[in-house]
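So that we are looking at the same thing, I have put the structure below in C-alpha cells.
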C-alpha cells in the first residue's frame, strides 16, 4: 500500500508512469451522492448514483413488487441494474427512513422467508403520486439529455 493511501488520500500509484491517480472507494456516501468502486480490473465498473435516484428506485421497486423488506429491495435494485449497483444497509436504510417520514412509504413488522423478524415497506397513496411526479421529471430530463447527446455540429458549407 502506498504512503498516500495510508495517509487517507484516495490515490494510488499508477504502475506505468509512477504518478498518482484518483480512484473511488467502496460505498462512500458524501453530499447525498452514492459512490461505488470503479476498479479498472473489474470487468464492469460500478457507477455513481445521482442524488435522489435511489429514492426513485425504491419507490418503483415497491410499486412493481409490492411490500418488501430492505434486503429484498436492495437485491432487486442490484438485479435490475445488471449488478452495476451495489447497495449496503448504510446506504439504503437512511433513504427508507426518509421516505417513511415523508409519508411516501409505510412499514410493518413481519416474518421473512427464513422466519426472521423483518420490517416490510409498502408504497402509500402519497408515494404513488410522488413516483408519478418523479418519473415524469426523469423522463423529461432523459429526453433533454438525449437531444444534447444526439446534437451534431452544423455543417459549415
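The values are calculated or read from the model by the stated rules, or taken from the named source; none is laboratory data. As the structure is a computational prediction, the values presented were derived from the model and not from experiment. Counting neighbours? That spans all protein chains shown, and the Cβs are built from the backbone with ideal geometry, glycine included.
Report yes if residue 87 is in contact with a helix residue (DSSP H, G or I) (Cβ under 6 Å, 6 or more places away or on another chain) and outside any helix (DSSP H, G or I), otherwise no.
yes
Okay, next question. I'm trying to understand the selection: among the residues of region 90-107, which are without any contact (Cβ under 8 Å) to a residue 60 or more places away in the chain and over 14 Å from residue 72 (Cβ atoms)?
94, 95, 97, 98, 99, 100, 101, 102, 103, 104, 106
Could you check residue 61 against (1) farther than 18 Å from residue 135 by Cβ; (2) touching a residue at least 12 places away in the same chain (Cβ under 8 Å); (3) under 13 Å from the mean Cα position of the chain (by Cα) and say which number it fails?
(1)
Ok, one more. Can you confirm whether residue 66 is over 25 Å from residue 141 (Cβ atoms), surrounded by fewer than 14 Cβ atoms within 10 Å (Cβ to Cβ) and either in contact with a strand residue (DSSP E or B) (Cβ under 6 Å, 6 or more places away or on another chain) or modelled with pLDDT of 55 or more (or both)? Full working, then the answer.
Numbers: over 25 Å from residue 141 (Cβ atoms): yes; surrounded by fewer than 14 Cβ atoms within 10 Å (Cβ to Cβ): yes; either in contact with a strand residue (DSSP E or B) (Cβ under 6 Å, 6 or more places away or on another chain) or modelled with pLDDT of 55 or more (or both): yes.
For residue 66, the condition - over 25 Å from residue 141 (Cβ atoms), surrounded by fewer than 14 Cβ atoms within 10 Å (Cβ to Cβ) and either in contact with a strand residue (DSSP E or B) (Cβ under 6 Å, 6 or more places away or on another chain) or modelled with pLDDT of 55 or more (or both) - is met.
Among what's in region 124-157 and is in a loop (DSSP other than H, G, I, E, B) and either more than 17 Å from residue 99 (Cβ to Cβ) or in contact with a helix residue (DSSP H, G or I) (Cβ under 6 Å, 6 or more places away or on another chain) (or both), pick the residue that is modelled with the highest pLDDT.
If we filter region 124-157 for residues that are in a loop (DSSP other than H, G, I, E, B), which is where we start, we get 124, 151-157.
From what is left, the residues that are either more than 17 Å from residue 99 (Cβ to Cβ) or in contact with a helix residue (DSSP H, G or I) (Cβ under 6 Å, 6 or more places away or on another chain) (or both) are 151-157.
Numbers: 151: 91, 152: 85, 153: 77, 154: 72, 155: 57, 156: 60, 157: 56.
Only one residue fits best here, namely 151.
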